[in-house]
1. Give me the pairs, please: first residue somewhere in region 136-149 and touching a residue at least 24 places away in the same chain (Cβ under 8 Å) and assigned to a helix (DSSP H, G or I), second residue anywhere and acidic (Asp, Glu) and surrounded by 13 or more Cβ atoms within 10 Å (Cβ to Cβ), beta-carbon distance under 9 Å, and either six or more positions apart or on two chains.
2. Please work out which residue is most open to solvent (accessible area, probe 1.4 Å), limiting yourself to region 150-165 and to residues that are small (Gly, Ala, Ser) and assigned to a helix (DSSP H, G or I).
3. Yes or no: region 94-103 includes at least one residue that is β-branched (Val, Ile, Thr), modelled with pLDDT of 80 or more and open to solvent by 60 Å² or more (accessible area, probe 1.4 Å).
4. Among the residues of region 59-87, which ones are open to solvent by less than 10 Å² (accessible area, probe 1.4 Å), assigned to a strand (DSSP E or B) and of a type in the set (A, V, I, L, M)?
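The values are calculated or read from the model by the stated rules, or taken from the named source; none is laboratory data. Just so we're clear, the structure is a prediction, and the values are computed from it rather than from any experiment. Positions of Cβ are generated from backbone atoms using ideal geometry, with glycine treated the same way; all protein chains shown enter the neighbour counts. Calculation scope for accessible area: heavy atoms of the full protein, side chains included, ligands and nucleic acids excluded. Shrake-Rupley method; radii C 1.70, N 1.55, O 1.52, S 1.80 Å.
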Amino acid sequence: MSTQRQLLIVEDDDAFARTLKRSFERRDYAVRVAASPEEAEALLADWTPGYAVVDLKLGNASGLACVQTLRAADAAMRIVVLTGFASIATAVEAVKLGASYYLAKPSNTDDIEAAFERSEGNVDAPLDARPSSIKTVEWEHIHQTLVETNFNISEAARRLGMHRRTLARKLEKRQVK
């Protein structure tokens, strides 16, 4: 087993976690899965993987806290954060806390493995000259407020000056997971 790469998947969606696990095992990774930051921390007590895939939103918990815990366990660990509701704010926070890469769902095993292998930025990345739409700016503001309130819908709605149900409907339309 020493030739296998060690991977921790922290994902609360059981079906997605199983799919990722099987796919990475076919690529010769030894994989363990945790559904919460607490489960991930328990696994780290006697095992330190070289790679980790972390969902940004784990039930009511934030994957950002998990990233911080993983980075504390091993500064060299390659951590990829997956999210169904990507925003600039959470991407910046994830990288500041130690994530190696940040990918929006849906991402497949090829995307994740490519992110593991990238250690430097790409200076030739295309610059998007298109300004952000009002919807994008609104979504990023909503998401930043959710991060600041630790994904507390009622508190985020209060800070945004909207009814809680209105915010919940907006989140449902974006299919936040």
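1. From residues that are touching a residue at least 24 places away in the same chain (Cβ under 8 Å) and assigned to a helix (DSSP H, G or I), the pairs are Val147/Glu93.
2. The extreme case among them is Ser154.
3. Looking for residues that are β-branched (Val, Ile, Thr), modelled with pLDDT of 80 or more and open to solvent by 60 Å² or more (accessible area, probe 1.4 Å), one finds at least one in region 94-103, hence yes.
4. Ile79, Val80, Val81, Leu82
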